């Protein structure tokens, strides 16, 4: 048999087979993208609602995102290369951020990695972003004069940062984490300065008030 005919025969089988596999994977990928967009939307909205104090609505959004994550996991059960990829991680990290933020602020609990229920990379990415959300919460508390509680959440911010800092791995193993740790450090330092200044200003103001009352 002529070599060209041999090549033609083999490729006719192999390329058509691979084409069918890739067509199916592409269909799955498109559906996965649609689901991840919804997860991202619900998670982002949940964070917004948390900071507005609309906790019930925030939890509804988190619950809807969680249901979609189950659907996503089932959809990609035969496609682990897609599930454990940057394509999916962005939405899952946003979910982790919203879930952990809610638990810390509303329930005053720290959920475990298993409870969050996503792969470890987006979990770590989301945990890193929680530090920024807690800073927003600290600013809100300070605006209401709740200095002691603000101090408590600063300590939580620092605890998260110190634990994430222990994971000193190259970026290919923990993509984006090193940058998030650097950002978290700056946020913790800036928040410390802010709280010290605010507390000092509060103490001065209180002493002035006391002095004025004594004078009267």
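Looking at this structure, is residue 146 farther than 23 Å from residue 176 by Cβ and at pLDDT 95 or above? Answer is no for this residue.
Let's see how each residue does on (1) surrounded by 11 or more Cβ atoms within 10 Å (Cβ to Cβ); (2) outside the structural domain of residue 136 (by TED's automatic domain parsing); (3) modelled with pLDDT of 95 or more:
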position: 9; (1), (2), (3): yes, yes, no
position: 18; (1), (2), (3): yes, yes, no
position: 27; (1), (2), (3): no, yes, yes
position: 30; (1), (2), (3): no, yes, yes
position: 49; (1), (2), (3): yes, yes, yes
position: 58; (1), (2), (3): yes, yes, yes
position: 74; (1), (2), (3): no, yes, yes
position: 82; (1), (2), (3): yes, yes, no
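The values are calculated or read from the model by the stated rules, or taken from the named source; none is laboratory data. Owing to the predicted nature of the structure, the values given are computational and were not obtained by experimental measurement. Reconstructed Cβ throughout: ideal geometry from the backbone, glycine too, with neighbour counts over all protein chains shown.
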